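Each remark here refers to the structure printed beneath this line.
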Amino acid sequence: MSDVIAYVRSSAQLLDLTLDDAQVERVALHLARTRGIAAVLANTPLAPADELAEIFRPAPFPAEDAAWS
Amino acid sequence: MVMNTGMDIVRAVRSGEMQAEEALEHCIARIEVTDARFNAFTDGCFERALREARAIDALRARKEPLPPLAGLPYAVKNLFDIEGVTTRAGSKVRNGEPPASADALLVQRLKAAGAVLVGALNMDEFAYGFTTENSHYGACRNPRDTSRIAGGSSGGSGACVAAGQVPLSLGSDTNGSIRVPASLCGVFGLKPTFGRLSRRGTFPFVASLDHLGPLARSVEDLAASYDAMQGPDPLDPGCQATRVQPTLAGIDAGIAGLRIGALGGYFETHAGPMAQKALDSAASALHAERGIEWPDAALGRAAAFIITASEGGALHLPALRTRAADYEPLSVDRFIAGALQPAEWYLRAQRFRRLYRDKVNALFRDWDVLLAPATPVQAVPIGTEELELNGMRVPARPSMGLLTQPVSFAGCPVVAAPLWPQGPLGLPIGVQVIAAPWREDLALRVARALEAVGVASAPVEGL
């Protein structure tokens with residue numbers, strides 16, 4: 001947890017966010033939880049060619065209504 | 001009158017059985033009598049509503065054609081711009097902002113369709129929450145049991161419909177914010193395909209994930225209002241639909257020929273007994289095949305969580321530098337934590353989303369519609385910090401979105417249909433009726449089938 005607290009302090013400073021000690025603790029708690037969530041995703045293999053989702057489109061909008069029923 | 005659905009009102013106005021002004025007056029009276037108990041509304045715009053209703057009545061008096069939603073009263077989550085009203089988005093920090101100079105595009109479209117805007121609704125601040133325990137404007141209370149949450153972030157949108165204050169409302173859904181209040185308040189809700197409805201003129205939360213949609217007491221009202229709101233919008237870069245695909249005429253087509261499955265795995269693990277019972281009822285009524293596996297649901301939720309935090313935090317960073325103390329205490333630390341997240345977490349989540357979409361879309365080669373519970377549990381008491389879910393203690397507030405987040409992350413359209421697993425005197429809980437992207441027609445059709453056989457229903461509370 002101390003590493004997350006140090007991270008919160010330094011990154012907040014970089015972003016011009018003034019946080020008191022109590023805020024740093026609370027924010028670090030949230031960030032530590034998210035680190036756990038991010039770790040799950042970090043274990044998912046992604047190839048270098050796997051680009052970001054573009055402005056997200058779930059599927060191409062259908063050109064025709066033929067399948068529409 | 002308050003028992004009427006929106007389209008019942010439209011038919012009555014059309015036939016001359018009722019005037020639009022009369023329907024509006026019933027709604028205003030209901031709001032004035034009940035809202036002290038529910039706290040669903042933050043702003044009324046009754047004078048405007050009166051003008052809109054009278055314009056409809058004047059059209060009819062002149063025997064001119066009436067628009068499709070003529071006289072239908074509705075209200076919107078207070079992140080929708082209403083001309084002349086400050087768009088608070090549930091916050092205190094936006095109270096000093098000038099009033100909106102124009103209506104949100106969906107409000108413009110509903111106005112053109114003859115609907116009558118009554119006011120703006122309570123919500124979680126900046127839509128970051130699933131409970132509408134708003135510290136600035138007070139918690140929105142669930143009309144089914146006022147000691148309990150209405151869900152969120154569109155809590156006012158669910159509560160006003162359940163309470164019979166208006167038959168229709170609009171909400172937004174980033175990770176479940178239409179489906180969660182629909183589930184907990186016992187009303188129908190539609191989260192369309194990501195990119196279907198324009199978001200122009202609404203205060204954003206997470207541009208990569210934000211959707212808008214209606215809540216109502218009938219599937220017919222959902223379909224009618226959704227059809228009226230459809231249409232391309234080149235000014236919303238996220239609006240991908242290039243034409244209208246009407247649904248209303250097809251909602252009674254039934255389920256013959258449809259391949260319907262019920263999700264297991266993650267969606268079973270994270271569903272409490274009442275959620276599972278509701279799913280069983282819906283699956284039985286629809287003869288659905290059980291135990292269908294949604295790909296990478298936990299990873300989808302994780303990625304949605306990270307993208308939400310990063311984009312939400314970044315959006316609010318300028319205000320957080322100077323006015324953090326004026327933010328909602330329940331979410332301000334999460335906003336700040338999100339703003340500080342390493343870029344790699346966010347980028348990985350967006351890269352994963354591309355693969356996830358392909359896997360989810362592949363699932364719909366085998367299925368037309370999939371079912372899942374909408375929330376893990378029914379509405380919990382206001383202030384609940386933790387709940388027990390299948391033997392595990394979990395944080396109550398974020399857990400309300402456990403079952404909705406993986407679905408919206410793929411962008412699929414969903415109707416949340418309200419079921420009553422403990423009978424009509426118990427609390428409701430919703431079932432998600434999920435279809436492939438751009439197939440709102442199928443989700444509405446199957447939800448309508450549940451409504452038609454009486455498995456799903458949304459009665460007005462207290463009548």
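Computed quantities for the displayed model
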| quantity | calculated |
| --- | --- |
| Residue check, B:Ala362 under 14 Å from B:Pro437 (Cβ atoms) and surrounded by fewer than 24 Cβ atoms within 10 Å (Cβ to Cβ) | yes |
| Failed condition for B:Gly195, given (1) more than 12 Å from chain A (Cβ to nearest Cβ); (2) at positive phi | (1) |
| Test: residue in region B:386-401 that is touching a strand residue (DSSP E or B) at 6+ places or on another chain (Cβ under 6 Å), acidic (Asp, Glu) and free of Cβ contacts under 8 Å to residues at least 24 places away in the same chain | yes |
| Unique residue being within 14 Å of chain A (Cβ to nearest Cβ), closer than 28 Å to A:Asn43 by Cα and at pLDDT 95 or above when the list is B:Val414, B:Val407, B:Val369 | B:Val407 |
| Filtered residue count, region B:240-275, keeping only those that are in contact (Cβ under 8 Å) with a residue 40 or more places away in the chain and part of a loop (DSSP other than H, G, I, E, B) | 14 |
| Answer from B:Arg393, B:Arg397, B:Arg439, B:Arg448 - the residue that is under 13 Å from B:Val219 (Cα atoms) and not hydrophobic (A, V, I, L, M, F, W, C) | B:Arg448 |
| Test: B:Ser157 is crowded, with 24+ Cβ neighbours inside 10 Å, within 24 Å of B:Gly313 (Cα to Cα) and not aliphatic (A, V, I, L, M) | no |
| Yes/no for B:Pro381 being away from chain A (no Cβ under 14 Å), crowded, with 21+ Cβ neighbours inside 10 Å and either closer than 23 Å to B:Cys185 by Cα or touching a residue at least 24 places away in the same chain (Cβ under 8 Å) (or both) | no |
| Output for region B:326-366, where each listed residue is within 7 Å of another protein chain (Cβ to nearest Cβ), of a type outside the set (Phe, Trp, Tyr) and either within 15 Å of A:Ala32 (Cα to Cα) or in contact with a strand residue (DSSP E or B) (Cβ under 9 Å, 6 or more places away or on another chain) (or both) | B:Asp333, B:Arg334, B:Ile336, B:Ala337, B:Ala339, B:Leu340, B:Gln341 |
| Members of region B:88-98 found to be surrounded by 23 or more Cβ atoms within 10 Å (Cβ to Cβ) and either over 22 Å from the mean Cα position of the chain (by Cα) or hydroxyl-bearing (Ser, Thr, Tyr) (or both), listed by number | B:Ser91 |
| Cβ-Cβ under 9 Å pairs, at least 6 apart or on other chains, region A:23-38 side at the interface with chain B (Cβ under 9 Å from one of its Cβ atoms), far side surrounded by fewer than 20 Cβ atoms within 10 Å (Cβ to Cβ) and aromatic (Phe, Trp, Tyr) | A:Ala28/A:Tyr7; A:Leu31/A:Tyr7 |
| Among (1) in contact with a Lys or Arg (Cβ under 6 Å, 6 or more places away or on another chain); (2) not in a loop (DSSP other than H, G, I, E, B) - the single one B:Ala278 does not satisfy | (1) |
| Criterion (in contact with a Pro (Cβ under 9 Å, 6 or more places away or on another chain) and within 13 Å of another protein chain (Cβ to nearest Cβ)) met by exactly one of B:Cys160, B:Cys185, B:Cys239 | B:Cys239 |
| Helices (runs of 4 or more DSSP H) wholly inside region B:1-85 containing at least 1 residues that are within 21 Å of the chain's Cα centre (by Cα) and buried (at least 17 other Cβ atoms within 10 Å of the Cβ) | B:6-15, B:20-38 |
| Residue match in region B:293-316 (condition: touching a residue at least 60 places away in the same chain (Cβ under 8 Å), within 12 Å of chain A (Cβ to nearest Cβ), of a type in the set (Asp, Glu) and under 28 Å from B:Leu450 (Cβ atoms)) | yes |
| Any hit, region B:161-168, residues being surrounded by fewer than 24 Cβ atoms within 10 Å (Cβ to Cβ), under 27 Å from B:Arg334 (Cβ atoms) and not hydroxyl-bearing (Ser, Thr, Tyr) | no |
| Filter result for the condition that a residue is modelled with pLDDT of 90 or more and β-branched (Val, Ile, Thr), over A:Ile55, A:Ile37 | A:Ile37 |
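One line per residue, one yes/no per condition, for (1) part of a loop (DSSP other than H, G, I, E, B); (2) over 30 Å from B:Pro413 (Cα atoms):
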| position | (1), (2) |
| --- | --- |
| A:Ile5 | no, yes |
| A:Thr18 | yes, yes |
| A:His30 | no, yes |
| A:Arg33 | no, no |
| A:Gly36 | no, no |
| A:Pro48 | yes, yes |
| A:Glu51 | yes, no |
| A:Pro58 | yes, no |
| A:Glu64 | yes, no |
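The values are calculated or read from the model by the stated rules, or taken from the named source; none is laboratory data. Keep in mind that this is a model prediction, so the values were computed, not measured. Using ideal geometry, Cβ is built from the backbone for each residue, glycine included, and neighbour counts are taken over all protein chains shown.
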